[in-house]
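Worksheet for the structure shown next.
The values are calculated or read from the model by the stated rules, or taken from the named source; none is laboratory data. What you see is a predicted model; the values in this text were computed from it and never measured. All Cβ positions, glycine included, derive from the backbone under ideal geometry; neighbour counts span all protein chains shown.
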Amino acid sequence: MKKFWILLSFSNFLIAALFGLVLRAAFVWEINWMEYRNLLHAHSHLAMLGWVYMGIFAFFCYRFVPASKFKTYSKLFWITQTTVIGMMLSFPLQGYAAVSISFSSLHILASYVFCYRIWKDQQITHPAVKKLFYAALVFLVLSTFGVWLLGPLAVSGGRNTALYQVAIQFYLHFQFHGWFTFAILALLLDSLLRQQWEINWQAFSWFFYLFIVSTVLSFGLVLFWAYGNTSYWWLNNLGIILQLIGLGLFLKLSQQGIRLQFKPYSLQETLLFRFGLISWMAKIGMQSLVVFPEAAAAATTIRPLMMGFIHLTVLGFVSAFLILFSTQLGFFKAGTSQYLMTFILFISGFVFTEILLFSQGLFYWMHWGQLPFYYEFLFFSSALLPLSVFLYILQIKTPNKEKNLIRIEKIIYN
């Protein structure tokens, strides 16, 4: 994989984190030079489409596409990165308007080309990885249907309707719980299966289909929030139960592969893996709480709880594994004091902000008011995140074992 792909993905991550830090600062100091909502849109789009999407794009190409096809994907990477830069510049200046919407739409069209090409070009040997890979691409395309619905609704005067909000949440739901989740699991399982380990196919099939069904059914929470029909709440509850069963199956079937995977790796890599896995489990645990009506109401109305859950998914689960995959490929040198310090800063920034967000959410839920110095603590905790990403960028290097990686890749694909 090209070093510059990883460098650009992490640079997008850094800018998204800096935008987030400015958003935190807006509650501490009076900032008149920016429109808060516009910068919020820039932050979210850059984090999802500039960091997570581009990171998965890079690893999907490296893991699943033969090197002879890379020229096409290199062009597509740069086209997609251009749309990211366009969103980065246009959203802070104008919010949702002609230029930013155009770049967002071009990004979606580029993702369709990516899905079409990599669906045809992939050379995945293991059927379990292939199933997760295909599911991730399907959910990526499915999620965008919600975006295309927004235009007609806005033109027809439906911007203030429940359907408009449902369309937005449709996109976010199938991005977070579909595309992001299945993509990371595909990459993780591919990494585990490169060890001397045989997967239990029957257990995997149960896990896979349970997770597919639960991802669809758990959208019932959004419909319950929008329309108040309790049947949607019960659909979500069924989805949560299936998801918990699926999680248990995945942990059981992958236990041996995980033990084999991390024998040769450093303590930091092992901790990073466990951190990502625990974050994924915590994400599912948080979703499971909404089986209680009071928790469901809080999860869909209290902003700190919603933000905490989003960051748990993007920073705790997805970002941890993207950093881990980058480390395993040799873009970072694990085991050094610099890597350890960066790792500690990243984990500390994440944990402190999560504690503050969920604590404040609990305070609002219990009608206890606001935590003392909440915004000040949140700002300084959040400052650790862009600092850690910047330090990661400084450590990115061309892998020393590039020739060995190419040789291994040829063995796998042949």
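Some values worked out for this structure:
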{"read-out": "1 or more residues under 22 Å from residue 14 (Cα atoms): qualifying helices (runs of 4 or more DSSP H) within the range 78-178", "value": "98-121, 162-173"}
{"read-out": "Subset of the range 30-44 [in a helix (DSSP H, G or I) and more than 12 Å from the chain's Cα centre (by Cα)]", "value": "36, 37, 38, 39, 40, 41, 42, 43"}
{"read-out": "Any hit, the range 51-68, residues being under 28 Å from residue 23 (Cβ atoms), in a helix (DSSP H, G or I) and without any contact (Cβ under 8 Å) to a residue 40 or more places away in the chain", "value": "no"}
{"read-out": "Answer residue from the range 83-95, given it is touching a Leu at 6+ places or on another chain (Cβ under 8 Å) and surrounded by fewer than 21 Cβ atoms within 10 Å (Cβ to Cβ) and is modelled with the highest pLDDT among those", "value": "86"}
{"read-out": "Candidate set from the range 384-414 (those that are surrounded by fewer than 17 Cβ atoms within 10 Å (Cβ to Cβ) and among the hydroxyl-bearing types (Ser, Thr, Tyr)); member that is modelled with the lowest pLDDT", "value": "413"}
{"read-out": "Among the candidates 144, 80, residue that is over 30 Å from residue 327 (Cβ atoms), buried (at least 19 other Cβ atoms within 10 Å of the Cβ) and modelled with pLDDT of 90 or more", "value": "144"}
{"read-out": "Residue match in the range 183-198 (condition: more than 21 Å from residue 329 (Cβ to Cβ) and either charged (D, E, K, R) or in a loop (DSSP other than H, G, I, E, B) (or both))", "value": "yes"}
{"read-out": "Test: residue in the range 186-194 that is closer than 25 Å to residue 45 by Cβ and not polar (S, T, N, Q)", "value": "yes"}
{"read-out": "Leading residue by the ranking (modelled with the lowest pLDDT) among those in the range 325-349 that are surrounded by fewer than 16 Cβ atoms within 10 Å (Cβ to Cβ) and part of a loop (DSSP other than H, G, I, E, B)", "value": "335"}
{"read-out": "Qualifying residue in the range 211-220 (condition: surrounded by 21 or more Cβ atoms within 10 Å (Cβ to Cβ), within 23 Å of the chain's Cα centre (by Cα), modelled with pLDDT of 95 or more and of a type in the set (Val, Ile, Thr))", "value": "yes"}
{"read-out": "From 136, 98, 162, 154, residue being aliphatic (A, V, I, L, M) and either under 22 Å from the mean Cα position of the chain (by Cα) or at pLDDT 95 or above (or both)", "value": "136"}
{"read-out": "Only listed residue being closer than 26 Å to residue 97 by Cα, in contact with a His (Cβ under 7 Å, 6 or more places away or on another chain) and either of a type in the set (S, T, N, Q) or surrounded by fewer than 23 Cβ atoms within 10 Å (Cβ to Cβ) (or both), chosen from 40, 49, 23", "value": "23"}
